[in-house]
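S.K.: Let me give you the structure first, and then I'll get to my questions.
The values are calculated or read from the model by the stated rules, or taken from the named source; none is laboratory data. As the structure is a computational prediction, the values presented were derived from the model and not from experiment. Please note: Cβ atoms are built from the backbone with ideal geometry, for glycine as well, and neighbour counts cover all protein chains shown.
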């Protein structure tokens, strides 16, 4: 019996070079603001042409791992980590995966639920008066019936971001911002016809009351109630997405 094998696919040389340099960054050999060798030096080290090295450097820049600077003191440097930029990039990727059906809204909602609980527990203990005031300002804005759906959603996101900020935990902030940013375009597109503003405001008022009084149990209950409500909405929205996908495939 003759077995047919698919051709072996190898990575491009520029990709392999980029991966080696990236490993040097992630393992700490190269640190933030360190200058990389010149294109000529890298081409000699890797024994490849300068255009191949240039392509590898473009791959690193596309990942925001490096930056270039012209002039006598110029060159290619390791980027200083920027949590907001990295989170925005990851959030956009997650949003794309949701739109393509790789992730389901119910899965994202489940993750958000658990992370919101972690956030509110820490926020109750660590929030400042200024952060509490910012949350209160957002609720005041949300009660204005003249604001658009998009403005309401923006305020909703900022309210929850203030809770995340109050945790004072950068790892949790990075992960939570990703989830919130990934869900925002989906909510803009699908959820306004399903969820009620008054319900969201009611949950926000319960949350801020618990955060103000530093009552963890009350805060957890309020988050559980809001997230369960939103998970029901996400389930309805998921059906809409699935139906739209089936209609597109049928046509």
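S.K.: From (1) under 16 Å from the mean Cα position of the chain (by Cα); (2) assigned by TED's automatic domain parsing to the domain that holds residue 176, pick out the condition that doesn't hold for residue 133.
M.R.: Unmet for residue 133, out of (1) under 16 Å from the mean Cα position of the chain (by Cα); (2) assigned by TED's automatic domain parsing to the domain that holds residue 176: (1).
S.K.: While we're on this one: Based on what the data block shows, is residue 238 part of a helix (DSSP H, G or I), surrounded by 15 or more Cβ atoms within 10 Å (Cβ to Cβ) and at pLDDT below 75?
M.R.: Criteria met by residue 238.
Here's the yes/no breakdown for (1) part of a helix (DSSP H, G or I); (2) modelled with pLDDT of 80 or more; (3) more than 17 Å from residue 174 (Cα to Cα); (4) out of contact with any strand residue (DSSP E or B) (no Cβ under 8 Å at 6 or more places or on another chain):
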| site | (1), (2), (3), (4) |
| --- | --- |
| 95 | yes, no, no, yes |
| 102 | no, yes, yes, yes |
| 113 | yes, yes, no, yes |
| 122 | yes, yes, no, yes |
| 132 | yes, yes, yes, yes |
| 140 | yes, yes, yes, yes |
| 144 | no, yes, yes, yes |
| 153 | yes, yes, yes, yes |
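S.K.: Count, please, the residues in the stretch 155-182 that happen to be closer than 20 Å to residue 209 by Cβ and assigned to a helix (DSSP H, G or I).
M.R.: Total satisfying the criteria: 11.
S.K.: Something else: Within the stretch 176-208, count every residue that is within 16 Å of residue 116 (Cα to Cα) and either surrounded by 18 or more Cβ atoms within 10 Å (Cβ to Cβ) or modelled with pLDDT of 80 or more (or both).
M.R.: 15
S.K.: Mind checking which residues of the stretch 37-93 are without any contact (Cβ under 8 Å) to a residue 24 or more places away in the chain and assigned to a strand (DSSP E or B)?
M.R.: Selection gives 67, 68, 69.
S.K.: State yes or no: is residue 48 closer than 30 Å to residue 235 by Cβ and surrounded by 16 or more Cβ atoms within 10 Å (Cβ to Cβ)?
M.R.: Against the criterion (closer than 30 Å to residue 235 by Cβ and surrounded by 16 or more Cβ atoms within 10 Å (Cβ to Cβ)), residue 48 does not qualify.
S.K.: Report yes if some residue within the stretch 69-76 is at pLDDT 90 or above and touching a helix residue (DSSP H, G or I) at 6+ places or on another chain (Cβ under 7 Å); otherwise report no.
M.R.: For the stretch 69-76, residues at pLDDT 90 or above and touching a helix residue (DSSP H, G or I) at 6+ places or on another chain (Cβ under 7 Å): present.
S.K.: Of the residues 25, 21, only one is at pLDDT 90 or above and under 19 Å from residue 62 (Cβ atoms); which? Outline the logic, then answer.
M.R.: Numbers: 25 fails: at pLDDT 90 or above.
Exactly one of 25, 21 is at pLDDT 90 or above and under 19 Å from residue 62 (Cβ atoms), namely 21.
S.K.: Right, next: Quick check on this structure: which one of 26, 73, 66 is touching a strand residue (DSSP E or B) at 6+ places or on another chain (Cβ under 8 Å) and over 30 Å from residue 237 (Cβ atoms)?
M.R.: 66
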